[in-house]
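A short worksheet on the structure shown next.
The values are calculated or read from the model by the stated rules, or taken from the named source; none is laboratory data. Source: prediction; values computed, not measured. Note that we place each Cβ from the backbone using ideal geometry, even for glycine, and neighbour counts take in every protein chain shown. Just so you know, the surface numbers come from the protein's heavy atoms only, side chains and all, with ligands and any DNA or RNA stripped out. Shrake-Rupley method; radii C 1.70, N 1.55, O 1.52, S 1.80 Å.
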Amino acid sequence: MKLSTLKAKVERNDFIHSAGKYFIDENSETIKELRSRGEKALLGIQKKGVYTIIGEQYVHYLTSSGTKGQILLKDLLEELTQNMLRLGKGYFKMMFLYKNIILKNGDKVWLHNSKTMFGIWNTILWLEKLPGSNVDKDG
């Protein structure tokens, strides 16, 4: 799968628009740095001191406390699902409670807002369905 296909997908699922000025792609310094370490980082969100970046196998994150970590795509999907079930589906709740998710290990991962959270979720779901989840940068 080409990176351009992935970008078209995140544009269609409104991830880019909902992330706004926080959206980053392969041209960002953070993603370049992750790639230089051998990580298969693709795109995500970033603001001062925090980021959440979707990769081919992992979501990489930096918390406001300075903790760097990664979580398998499927594990983050499970945690997002469990979090939504706990909080309920009310629009008011979603607007205020989906700025972050606290993982089982206690790390607080930034999601920006509910629309961006759904964009991240949809993107990860789509990547998980791809055979081999290989993204070709030449696209």
PHE23 being within 13 Å of ILE120 (Cα to Cα), out of contact with any Pro (no Cβ under 9 Å at 6 or more places or on another chain) and at pLDDT below 95: no
Where LYS47 falls short, out of the listed (1) more than 26 Å from GLY106 (Cβ to Cβ); (2) open to solvent by 20 Å² or more (accessible area, probe 1.4 Å): (1)
In segment 67-83, the residues that are in contact (Cβ under 8 Å) with a residue 12 or more places away in the chain and either over 17 Å from ASN113 (Cα atoms) or among the hydroxyl-bearing types (Ser, Thr, Tyr) (or both): THR67, GLY69, GLN70, ILE71, LEU72, LEU73, LYS74
